[in-house]
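Q: First the structure, then my questions, so here it is.
The values are calculated or read from the model by the stated rules, or taken from the named source; none is laboratory data. Fair warning: this is a prediction, and the values are worked out from it, not measured in the lab. Positions of Cβ are backbone-derived with ideal geometry, glycine not excepted, and every protein chain shown enters the neighbour counts.
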Amino acid sequence: MLLELRGIQKRFGGVTALKDGNLTVDAGEVHLLLGENGAGKSTLMKIVAGLYRPDGGEMLWKGAKASFTSPAAASAAGIAMVHQESLLAPHLTVAENIFLGREERLPLGWVNRRWIQTAAKLLIEAHHFPLQADWRVERLSPAGKQLVEICRAIQHGSSLLIFDEPTSSLSEAETKEVFRIVRALRNRNMGVIYITHRLEELRAVGDRVTILRDGETVHTSALKEIPTEKIIQHMVGRPIGSLYSRQPQTPGEELLRVEGVTRKPLLNNVSLSVRAGEIVGLAGLVGAGRTELCRAIFGLDALDSGSVHLAGKAVRVSSPREAVSNGLALIPEDRQKTGLATALPIGHNLTAADLAKVSRMGFFLDHAAEKQLAGEYIQRLRIRCDSHRQLAGRLSGGNQQKVVIAKWLVRGARVFLFDEPTRGIDVGAKVEVYEVMDELARSGAAILMVSSELPELLQVADRILVMRRGTLTGELPGRTTQEEIMRLATLHDGGTLIGEQVREQ
């Protein structure tokens, strides 16, 4: 046995993040760690990786009691963590990142770059990774960056590798490559802890599963012994036969019409429409142009040609300010970087798009008005938080997404562009986001929804538009099949896997 956690506890101020965390990991196994956002998964792993100190319980590493005071101490013992957000130095090469802090040096103290390059090349070739030692990390895809972190872990002699949501922003082809690498690490007798929200991935990569709920371990078993329905039940604390089923309604007036939108080379003559009460899905492979279309509609990127019509009127959206003033809202793909001010309170985030509602004389913030308004939307969207003063960055992923949506509700938007609305959030929070979207549609809003998860589109969308290489290739009813969507998206057209590239999404 590599790792054993017994009754791990962790508190942050008055908030208990872990009450009773228990986990065992053997060499040569892939152990899945599951749970809703806020269940304590990341906190537990950060204790293992030396980022946090536990407040109770004990950790055994290779049979001996251990407590790592820093990531460096955990790394020296043989534990490495591949974070969801890359922690590499983007301006350095693959080789330089692999050996960063452990460089071979020449007699006068200079870094031996030739040795680093050769050693990195041998390491990459030994594991059949699709990398080149001299590529700059800033040019790599997210999957490529993860491979560099894996190389660092292997080079440092790690026995246990922790993956935190490794495929949350990857294409299908890149995801398969990550699976291959994880299985290869297992075959080399490494232990792997794999955190994911994508339940469809479990059977492809896992051996055993541990499930956390509300800071406690509630289940551990061999993966083959538990059906997916039971996994979901343990995660959310209640049985869920069907996660979500949307009942379509008769659409109303056309609220959004896009005609001939072109932005070379990413978009080419795209036309579509969305009516009040509709949720229209937008499918396609990575690089198909879905995110670029949302950015163009919202005024983030200038158009070469084409037009946008809102409620039958042609509007000029050369900037997000103009888009917002015309009733458009964008829920972006990366909520933490471009959707929220994570270092500010929830209340500030909720009112940021319409400060006139909480200001006096246009200059002074009315704290009482902000508290009242924030309280209304916290209750309406069931945002789980301590108060409107809690920092947005301290919320779970699902609750952060609700704050982004609520910000636009405060503004009174009627047309919503959702770009990957449930990326990186758990199954229970996904259902809550779907319900918010359904409520919006029933209140008369029009929704254009980008998603890489085909089951999600089939559950939520009334119609599905498919893109390929910047063009629309077809329209399908919401009750279609994944095979029909992939036929229009052309499954073989996935692009480069890992190598030096500039990703379009």
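Q: Among the residues of the range 291-321, which ones are more than 21 Å from Pro332 (Cα to Cα) and without any contact (Cβ under 8 Å) to a residue 24 or more places away in the chain?
A: Passing the criteria: Lys313, Ala314, Val315.
Q: Let me ask something else about it. So the check is Cβ under 6 Å with 6+ separation or different chains; which pairs have a first residue in the range 429-443 that's over 11 Å from Arg246 (Cα atoms) and not assigned by TED's automatic domain parsing to the domain that holds Asp214 and a second one that's surrounded by 20 or more Cβ atoms within 10 Å (Cβ to Cβ) and among the hydroxyl-bearing types (Ser, Thr, Tyr)?
A: Lys430/Thr422; Val433/Thr422
Q: Going by the conditions given, is Gly281 in a loop (DSSP other than H, G, I, E, B) and buried (at least 21 other Cβ atoms within 10 Å of the Cβ)?
A: No; evaluated as a whole, the condition is false for this residue.
Q: While we're looking at this one, here's another question. Quick one: count up the residues across the range 131-174 that are of a type in the set (Val, Ile, Thr) and in contact with a strand residue (DSSP E or B) (Cβ under 8 Å, 6 or more places away or on another chain).
A: The number of residues fulfilling the criteria is 3.
Q: If Val404 passes every condition in (1) over 25 Å from the mean Cα position of the chain (by Cα); (2) modelled with pLDDT of 90 or more but one, which one does it miss?
A: (1)
Q: For Ala64, indicate whether it is of a type outside the set (S, T, N, Q), modelled with pLDDT of 85 or more, under 17 Å from Glu149 (Cα atoms) and not assigned by TED's automatic domain parsing to the domain that holds Val427.
A: In short, no.
Q: Mind listing just one residue for me: the one in the range 167-208 that is more than 23 Å from Glu225 (Cβ to Cβ) and of a type in the set (Asp, Glu) and, of those, surrounded by the fewest Cβ atoms within 10 Å (Cβ to Cβ)?
A: This residue is Glu172.
Q: Got a sec? Which of Gly157, Gly215, Gly206 is closer than 30 Å to Phe12 by Cα and in contact (Cβ under 8 Å) with a residue 60 or more places away in the chain?
A: Result of the check over Gly157, Gly215, Gly206: Gly215.
Q: Scanning the range 130-155 for residues that are of a type in the set (S, T, N, Q) and modelled with pLDDT under 90, which turns out farthest from the chain's Cα centre (by Cα)?
A: Out of the qualifying residues, it is Gln155.
Q: A further question follows. In the list Leu33, Leu51, Leu44, which residue meets the criterion of being assigned to a strand (DSSP E or B), closer than 18 Å to His83 by Cβ and assigned by TED's automatic domain parsing to the domain that holds Arg198?
A: Among Leu33, Leu51, Leu44, only Leu33 is assigned to a strand (DSSP E or B), closer than 18 Å to His83 by Cβ and assigned by TED's automatic domain parsing to the domain that holds Arg198.
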